[in-house]
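The values are calculated or read from the model by the stated rules, or taken from the named source; none is laboratory data. Everything quoted here is computed from the prediction, not taken from an experiment. When we count neighbours, we look across all protein chains shown, and the Cβ atoms used for this are built from the backbone with ideal geometry, even at glycine.
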Amino acid sequence: MQAVIRLLLVAVPLACAAPRIDAQEFQPPAGGGGASPAGGSGFVVDLFSFSTRAGIDVSRPAQWVVGSSVDIAEMWSPRVRLRPSFEVSSTGSAVQLHWAGEVLYRFQPDDAPAIPYIGIGVGHMSRCGGCTTIWPTVTMGFELRFRPSFNWLIEYHALDRLGRHRFLVGLATRGAGGP
């Protein structure tokens with residue numbers, strides 16, 4: 001019984017003092033020390049954008065293409081982004097999968113009404129008869145403002161040493177800087 005009384009003698013005053021001992025809002029120091037998205041230096045890992053798109057592959061027999069990508073890191077500048085992506089394509093019963101890792105340079109900041117970009121990377125194609133399965137990729141496209149949190153996306157992919165050409169249209173989320 002004495003242990004319960006001692007516990008109450010300590011717990012009740014602490015509970016009464018709790019509203020007065022509020023946690024203060026953290027104020028980071030001016031100038032900051034590390035890399036930040038606003039500062040534009042270093043390597044920042046975050047979810048900057050997500051996109052889905054669909055289109056056609058106009059090489060050889062035309063194929064439908066559906067894909068998605070995620071901008072997961074800023075490298076050296078808020079305009080240079082690391083973007084893994086994947087695409088599924090088919091002419092009928094044969095389905096091909098394409099994975100790529102690309103580095104994009106965006107010519108405008110995220111809050112611009114139109115954001116053109118260009119990128120290079122390395123991709124891998126599965127179930128690709130008669131072609132190399134690992135190849136360089138080239139990406140060109142632009143985003144147009146659609147809503148405060150979404151952009152229209154129009155993109156061109158060159159795959160297989162510029163032997164495959166894909167034209168895609170879709171939607172992308174806007175970065176944190178969007179209005």
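In region 132-150, the residues that are within 22 Å of residue 165 (Cα to Cα) reach residues that are outside any strand (DSSP E or B) and at pLDDT below 85 with C-beta atoms within less than 6 angstrom, at least six apart or across chains, in these pairs: 135/160; 135/161. If you go through region 140-155 and keep only what is modelled with pLDDT of 90 or more and more than 14 Å from residue 51 (Cα to Cα), you end up with just 140.
Residues checked against (1) closer than 19 Å to residue 140 by Cα; (2) hydroxyl-bearing (Ser, Thr, Tyr); (3) at pLDDT 90 or above:
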position: 14; (1), (2), (3): no, no, no
position: 27; (1), (2), (3): no, no, no
position: 41; (1), (2), (3): no, yes, no
position: 44; (1), (2), (3): no, no, no
position: 69; (1), (2), (3): yes, yes, yes
position: 72; (1), (2), (3): yes, no, yes
position: 82; (1), (2), (3): yes, no, yes
position: 104; (1), (2), (3): yes, no, yes
position: 114; (1), (2), (3): yes, no, yes
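With a requirement of 2 or more residues that are surrounded by fewer than 19 Cβ atoms within 10 Å (Cβ to Cβ) and of a type in the set (Gly, Ala, Ser), the strands (runs of 3 or more DSSP E) lying completely within region 71-175 that satisfy it span 114-126. Within region 47-72, the residues that satisfy the criterion of being under 19 Å from residue 149 (Cα atoms) and not basic (Lys, Arg) are 47, 48, 49, 50, 51, 52, 68, 69, 70, 71, 72.
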